[in-house]
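Undergrad: My structure is below; once you've seen it, I'll send some questions.
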Amino acid sequence: MTDEFDFKMPSTLRRAAFDPENNRAIFASKGVPVDDPQLAERVAVKKKRQHQAWVEQLKRQRADVYWSHSLLGAGDESFEFSDWHPEEHGDKRQASNIGNKAYKLAQEIAAGTNMSVFMSGNAGTGKTSLALAMLTEIRKQGRSVMFVSTEELANLVNDRIQYPDVAQKLADTLRAMQDVDVLVLDDLGSEVGTYAQVNDKDFKGVRRDMQERMYKVANARYNGTKAEQNSARKSGKRLLKPVHSTIITSNNQISELNRIYAERTISRLITQDPNHAIFFNGMPDMRRN
Ligand SMILES: Nc1ncnc2c1ncn2[C@@H]1O[C@H](COP(=O)(O)OP(=O)(O)OP(=O)(O)O)[C@@H](O)[C@H]1O
Ligand SMILES: [Mg+2]
């Protein structure tokens with residue numbers, strides 16, 4: 001049986017394929033002006049363009065794979081900045097300021113600056129919508145993005161023991177969450193229950209298996225994955241922190257999130273920089289309007 005990898009090119013053919021002088025002779029014999037410097041330039045430009053197109057295509061394919069690992073919650077539709085209508089909000093000025101701030105941060109992230117963005121406020125005020133608008137904008141400009149409903153993630157963690165296909169899906173999702181360029185973690189904290197439960201003195205935080213997985217994600221997003229750290233070490237480069245961008249939406253205060261997840265997780269995920277925090281306090285519940 002012939003193995004395709006056993007095939008050996010005859011030496012004369014091999015020389016012809018890899019010998020530029022020989023190739024020139026072949027082209028010249030067919031009437032191609034091989035000594036024309038303009039031709040060389042045109043060939044170089046074409047090769048560069050082909051290479052760029054190939055790199056762009058790979059980037060798009062990579063982005064599609066990350067996006068396909070998203071976990072959308074029920075009712076999370078697509079949303080763009082053009083869908084954000086401040087005039088429909090009770091406080092038009094605040095809605096407009098919030099929309100502009102989200103747009104500006106999305107542009108910075110799209111241009112390659114990594115940061116954590118914290119969107120906090122009551123139910124129905126538009127946090128998920130604006131987070132989706134930011135992702136759409138960033139994705140259009142070529143970075144890979146992913147949306148994860150924290151509640152859906154908690155469901156996978158819950159169901160993984162009973163269903164092997166869920167365990168695989170969970171593993172794939174968690175791996176992608178660690179190194180996608182931009183991750184939205186939607187409704188962080190909603191997976192544990194009511195305000196009263198979270199603030200009860202006996203509250204022990206989110207279940208341990210969820211806690212451990214979220215820490216791993218938070219750490220990789222802030223410090224980089226093991227592979228990213230190793231490759232930075234080898235090339236003598238320092239990783240800028242956070243290594244990846246994360247956009248968090250939540251109904252909870254940071255103090256509550258610290259009680260739900262460990263502080264070590266929250267401090268890696270949530271920004272201290274007021275310029276990167278968007279507060280929806282005082283905005284009306286758009287579901288009731
Ligand atoms: N400025 C706006 N213009 C148009 N639609 C809006 C605006 N703000 C909110 N909405 C709409 O109101 C609904 C609720 O918004 P959204 O789901 O983004 O709120 P949320 O803050 O994420 O709520 P929750 O905390 O319950 O998850 C959505 O259907 C959304 O499209
Ligand atoms: Mg929401």
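Undergrad: If you check every pair at least six apart or on different chains, which have Cβ atoms under 6 Å apart with a residue in segment 68-97 that is within 14 Å of T136 (Cα to Cα) and more than 7 Å from ligand 1 (Cβ to nearest atom) first and a residue that is open to solvent by 90 Å² or more (accessible area, probe 1.4 Å) and in a helix (DSSP H, G or I) second?
TA: What qualifies is F81/Y103.
Undergrad: List every residue pair whose Cβ atoms sit under 8 Å apart, with the two residues 6 or more apart in sequence or on different chains, where the first one lies in segment 117-137 and is farther than 25 Å from V243 by Cβ and of a type in the set (G, A, S) and the second, anywhere, is in a loop (DSSP other than H, G, I, E, B) and away from ligand 2 (no atom under 13 Å from the Cβ).
TA: G121/N281; G124/P284; G124/R288; G126/W84; G126/H89; S129/W84
Undergrad: Which condition number does D19 fail, the rest of (1) open to solvent by less than 60 Å² (accessible area, probe 1.4 Å); (2) modelled with pLDDT of 80 or more being met?
TA: Single failed check for D19: (2).
Undergrad: Can you pull out every residue in segment 108-127 that is open to solvent by 10 Å² or more (accessible area, probe 1.4 Å) and more than 16 Å from ligand 2 (Cβ to nearest atom)? Before the answer, list the steps.
TA: Within segment 108-127, the first condition is being open to solvent by 10 Å² or more (accessible area, probe 1.4 Å), and the residues that meet it are 108, 110-114, 116, 120, 122-124, 126-127.
Correct list: E108, A110, A111, G112, T113, N114, S116.
Undergrad: Just checking, which of Q168, Q162 is open to solvent by 40 Å² or more (accessible area, probe 1.4 Å), outside any loop (DSSP other than H, G, I, E, B) and not basic (K, R)? Let's see the steps before the verdict.
TA: On the way: Q162 fails: outside any loop (DSSP other than H, G, I, E, B).
So the residue among Q168, Q162 that is open to solvent by 40 Å² or more (accessible area, probe 1.4 Å), outside any loop (DSSP other than H, G, I, E, B) and not basic (K, R) is Q168.
Undergrad: Another one. Can you give me the number of residues within segment 242-289 that are open to solvent by 50 Å² or more (accessible area, probe 1.4 Å) and not in a helix (DSSP H, G or I)?
TA: The total comes to 11.
Undergrad: Within segment 128-149, identify whether any single residue is among the acidic types (D, E), closer than 27 Å to E228 by Cα, open to solvent by less than 30 Å² (accessible area, probe 1.4 Å) and not in a loop (DSSP other than H, G, I, E, B), and answer yes or no.
TA: Within segment 128-149, the first condition is being among the acidic types (D, E), and the residues that meet it are 137.
From the residues that got through so far, the ones that are closer than 27 Å to E228 by Cα too are 137.
Filter once more, keeping what is open to solvent by less than 30 Å² (accessible area, probe 1.4 Å): none.
Among the residues of segment 128-149, not one is among the acidic types (D, E), closer than 27 Å to E228 by Cα, open to solvent by less than 30 Å² (accessible area, probe 1.4 Å) and not in a loop (DSSP other than H, G, I, E, B), which makes the answer no.
Undergrad: Mind telling me which of the residues D186, D181 ends up being surrounded by 17 or more Cβ atoms within 10 Å (Cβ to Cβ), in contact with a strand residue (DSSP E or B) (Cβ under 6 Å, 6 or more places away or on another chain), among the acidic types (D, E) and closer than 19 Å to T271 by Cβ? Before the answer, list the steps.
TA: Values: D181 fails: in contact with a strand residue (DSSP E or B) (Cβ under 6 Å, 6 or more places away or on another chain).
Checking each option against the conditions leaves just D186.
Undergrad: Follow-up. Determine whether segment 212-231 contains at least one residue that is open to solvent by less than 70 Å² (accessible area, probe 1.4 Å), acidic (D, E) and within 25 Å of L153 (Cβ to Cβ).
TA: Scanning segment 212-231 turns up at least one residue that is open to solvent by less than 70 Å² (accessible area, probe 1.4 Å), acidic (D, E) and within 25 Å of L153 (Cβ to Cβ).
The values are calculated or read from the model by the stated rules, or taken from the named source; none is laboratory data. Computed from a prediction, not measured in an experiment: that's the story for all the values here. Ideal geometry is used to build each Cβ from the backbone, glycine not excepted, and the neighbour counts take in all protein chains shown. We work out accessible area using only protein heavy atoms, side chains counted, and drop any ligands, DNA or RNA first. Shrake-Rupley method; radii C 1.70, N 1.55, O 1.52, S 1.80 Å.
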